[in-house]
Amino acid sequence: MEKQEGRDAAAVRLDDPWYDALASGWGELDGTGALAPVAPDPPTDRENAGPDAAGIYVEVQRSAAFQEVRSRYRRFVGPAVLVFLVWYLAYVVAATTAPGLMARPVTGAVNVAMVAGLGQFLTTFLLTWAYARHARLRRDRAALDLRWTVFDQTRAQETARGAER
């Protein structure tokens, strides 16, 4: 990812905490060329262990920051899907119920149906661009901060379990 500049540059951690993280025991070799067996975690005292991974995710899901990210997502996607669906259905209905209108020439061999069909493609590309832009400007930083929160909490939990052993 690109390095951010500006007044909030130090406050934003842009590297993805899980980008290079391997799942423990997956694809690791034991030295003989065979896959190493995955050892189960030893049983722990559940009351003193603190929140487990599922509890961390539930806690983050209930947080105001997560709800804000989801709200921003819904505020964009809901209307965008509705507008695109209405536009697509209008094209299909017009093609089936008004063939005379759709066959009307615009210039040369290009008719209204062809222009509307190309408009469908253009709309798809514009909607994809708008979605990516909205995600980049309104949700990506907050979502990455949430990811770091989960990563830090699970790392602290793993460190605490490692200290108990």
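The values are calculated or read from the model by the stated rules, or taken from the named source; none is laboratory data. From a predicted model like this one, the values you see are computed outputs, not experimental measurements. Glycine gets a Cβ as well: all are built from the backbone with ideal geometry, and neighbour counts include every protein chain shown. Note: areas computed on protein heavy atoms with side chains; ligands, DNA, RNA excluded. Shrake-Rupley method; radii C 1.70, N 1.55, O 1.52, S 1.80 Å.
Kindly provide the pair-distance distribution of region 90-151 built from C-alpha pairs, with 5 Å bins from 0 and whole-percent values in order of increasing distance.
4, 16, 15, 13, 10, 9, 8, 7, 7, 6, 4, 2, 0
Tell me the relative contact order for region 56-147 as a rounded percent, counting alpha carbon contacts under 8 Å between residues six or more apart.
On the way: 38 pairs, mean separation 36.0, N = 92.
This gives 39 percent for region 56-147.
Under the rule of at least 5 residues apart or a separate chain, name every residue whose amide H is placed under 5 Å from the amide H of residue 111.
It is 106, by chain and number.
Go ahead and run the numbers for FRET between residue 114 and residue 140, Cβ-Cβ distance against an R0 of 30 Å, rounding to 0.05. Walk me through the numbers before you get to the answer.
On the way: r = 37 Å, r/R0 = 1.25.
With a Förster radius of 30 Å, E is 0.20.
Taking the Cα centre of region 46-137 as the origin and placing charges on Cβ (Lys, Arg +1; Asp, Glu -1), which of 98, 61, 77 is farthest toward the positive end of the dipole?
98
Accessible area per residue of region 70-147 at 1.4 Å probe, in Å²? Walk me through the numbers before you get to the answer.
On the way: 5560 Å² over 78 residues.
Result: 71 Å² of accessible area for each residue.
On full extension of the chain, what length is gained from residue 65 through residue 126, given 0.36 nm per residue of separation minus the C-alpha to C-alpha distance? Each step should come with its number before you reach the end.
On the way: separation 61, 0.36 × 61 = 21.96 nm, distance 2.84 nm.
My answer for the length gained is 19.1 nm.
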